[in-house]
Structure formats: structure tokens, C-alpha cells
Amino acid sequence: MTQAPYISSSPDETEKAAAELAERLEPGDVVLVSGELGAGKTTFVRGAARALGVGGPVTSPTYTVGQVYAGPDGREVAHLDLYRLDSLDLEDPALIDDYLTPERIGFVEWPAAGESRIDRVAARVRIDHAGGDERVIHVE
């Protein structure tokens with residue numbers, strides 16, 4: 001189900017939009033997050049992770065491919081960034097399997113390299129620059 005686009009004028013508003021989506025997620029769900037460089041993908045993931053109980057730093061895993069954050073209730077959130085990968089078929093096809101498990105809620109930035117291998121996609125998010133600090137967040 002496609003929602004009406006969310007207009008964000010600040011990082012806080014982007015995090016709030018993500019928190020609203022996070023309320024509907026269950027273990028095993030994966031959210032694909034797309035957008036240009038600097039669009040706010042990691043900010044979006046940070047907002048969702050906070051809503052899911054993650055209290056520590058949430059940073060882009062561009063150079064490590066993935067990170068797993070633990071919430072206080074033992075719930076885990078996986079955060080992947082596939083920007084540096086051309087295709088998981090050319091890399092290790094099972095690379096994402098260590099992160100996207102049935103017990104975790106997953107977020108994947110730059111998902112194109114692995115989208116065909118990702119099961120249980122709960123939502124697709126696209127963040128577009130709209131000038132200045134404004135962003136348009138599309139959730140499908």
C-alpha cells in the first residue's frame with residue numbers, strides 16, 4: 001500500500017517519519033531505503049532504530065556493509081549499506097544472510113545490488129531532495 005508522500009523539512013522530521021513506519025514492523029521485516037547521496041537514508045534508519053529501542057550511535061555502514069544494533073528488550077535491528085557493491089551475485093551471495101534474519105528487523109540502504117535476494121520486504125522507502133533541507137519521503 002502506497003502512502004501519501006511525507007514532506008520533511010529537517011533531520012528530526014525525517015526521523016519522525018521513520019519512527020511511524022517502525023511502529024508497524026515485525027521481526028523478519030526488511031525495509032529498502034533508496035535516495036541520492038546525502039538524501040537522508042541513514043537519518044531515516046536512525047529514526048526507525050530509535051523507535052525500535054536502539055540507544056547507541058546509528059551510523060552508515062558504507063565501509064563495513066552491515067551493522068547490528070541491539071535494543072534494551074533484546075530485539076535486534078540490522079542496518080546494511082550496499083552502495084559499494086555492484087551485485088551480490090558478483091560478491092558473496094550469502095553476505096546479507098548474516099544480517100537479515102527472521103529474528104531481526106532489517107534496513108537496507110542502496111538495495112539494488114541485493115534486492116533480488118531479499119525476502120520479506122515490508123516497505124520500500126525513497127527519499128528525494130526537494131531543495132534546501134526539504135525532503136520528500138515516499139513509502140510503498
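The values are calculated or read from the model by the stated rules, or taken from the named source; none is laboratory data. From a predicted model like this one, the values you see are computed outputs, not experimental measurements. Please note: Cβ atoms are built from the backbone with ideal geometry, for glycine as well, and neighbour counts cover all protein chains shown. Each accessible area value is taken on the protein alone, full model and side chains, heavy atoms only, with ligands, DNA and RNA left out. Shrake-Rupley method; radii C 1.70, N 1.55, O 1.52, S 1.80 Å.
What strands (runs of 3 or more DSSP E), lying completely within the range 1-84, carry at least 3 residues that are touching a residue at least 60 places away in the same chain (Cβ under 8 Å), surrounded by 17 or more Cβ atoms within 10 Å (Cβ to Cβ) and polar (S, T, N, Q)? Lay out the reasoning, then the answer.
Details: elements: 6-8, 30-35, 66-70, 76-81.
No strands (runs of 3 or more DSSP E) qualify here.
Output the qualifying pairs, or none if there are none: Cβ atoms under 7 angstrom, residues six or more apart or on different chains, first residue in the range 112-132 and under 20 Å from residue 65 (Cα atoms), second residue open to solvent by 80 Å² or more (accessible area, probe 1.4 Å).
Filtered contacts from the range 112-132: 113/86; 124/140.
Which of the residues that make up the range 118-133 are assigned to a strand (DSSP E or B) and either among the aromatic types (Phe, Trp, Tyr) or open to solvent by 40 Å² or more (accessible area, probe 1.4 Å) (or both)? Talk me through it step by step, then tell me what you get.
Initial filter on the range 118-133 (assigned to a strand (DSSP E or B)): 121-129.
Answer for the range 118-133, where residues must be assigned to a strand (DSSP E or B) and either among the aromatic types (Phe, Trp, Tyr) or open to solvent by 40 Å² or more (accessible area, probe 1.4 Å) (or both): 121, 122, 124, 126, 128, 129.
If I go through the range 93-111 residue by residue, how many of them are in contact (Cβ under 8 Å) with a residue 24 or more places away in the chain and not in a loop (DSSP other than H, G, I, E, B)? Steps first, answer last, please.
To start, the set of residues in the range 93-111 that are in contact (Cβ under 8 Å) with a residue 24 or more places away in the chain comprises 93, 95-96, 98-111.
Next, only the ones that are not in a loop (DSSP other than H, G, I, E, B) stay: 95-96, 98, 104-109, 111.
The qualifying residues number 10.
So residue 112 ticks every box in (1) aliphatic (A, V, I, L, M); (2) modelled with pLDDT of 90 or more; (3) open to solvent by 40 Å² or more (accessible area, probe 1.4 Å) but one. Which box is left unticked?
(2)
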